[in-house]
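Beneath this line is the structure, given in structure tokens, with notes to follow.
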Amino acid sequence: MRLLLLSAAVVDSFMRRITSNGFATSMVVLGFIATLMIFLPALILKDSDTSYTGLQIAFGHEFANLGPWASGEIKFNPIVLIAYLLPLVGSLLIMFTKKGYLSATVLFFIAAVLLFLTPQFTVVTVTVLGNANEVDVDWTYGIGLIIAASLSILGVMVGMVRISKQG
């Protein structure tokens, strides 16, 4: 029972601090939603309906497997994973520190840049009879990537307004 009361008090304390400041609330919401966009299509093959989610791009995905003769895969991409997680980290900074606006704003900015550069960081390999070759793929941005990057930019703008009002 004590643990339940203690956890309720901690949650209440966080909620009071967040709701007392609209900037913090908006940055936290933007960060969480931007991170959730990892589940939506991030990259789409140009002139095709084939799309890959942010999870598939970040953690790798085998899109073709013809046994020992041939296979195709998107390699694990830690930069894309970091790009999707940075808005969440920025949101956590806002929630758990009193003056984390500058750090959170920088994290949102880095996330936006990395998200827009995702097609350049994505490595696709095709293996034929044991010979692996990287393939250049023409990607277009998917809705999840566009929304995540846009929310990160919006987080930067909210952070800049908050920093300018603070000083």
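Quick rundown of the values:
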read-out	value
Förster radius 22 Å - calculated FRET efficiency between Ile82 and Ile143, Cβ distance, rounded to 0.05	0.60
Backbone N under 17 Å from the Glu62 label point (7 Å along Cα→Cβ), restricted to the stretch 118-157	124-133
Chain lengthening between Val128 and Leu45 when straightened (0.36 nm per residue, less Cα-Cα)	27.8 nm
Burial ranking of peptide ranges 80-87, 32-39, 113-120 (average Cβ count within 10 Å, highest at the top)	80-87, 32-39, 113-120
Between the stretch 103-144 and the stretch 19-85, the Cα center-to-center distance that results, in Å	9
Expected-Rg normalisation [2.2 N^0.38 Å, Cα atoms] applied to the stretch 69-167	1.40
Binned Cα-Cα distances of the chain, short to long, each 5 Å bin given as a whole percent	2, 9, 16, 17, 13, 11, 10, 8, 6, 4, 3, 2, 0
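Values in this text are rule-based calculations from the coordinates and carry no lab data. Just so we're clear, the structure is a prediction, and the values are computed from it rather than from any experiment. Don't worry about glycine lacking a Cβ; one is built from the backbone with ideal geometry, like all the others, and counts go over all protein chains shown.
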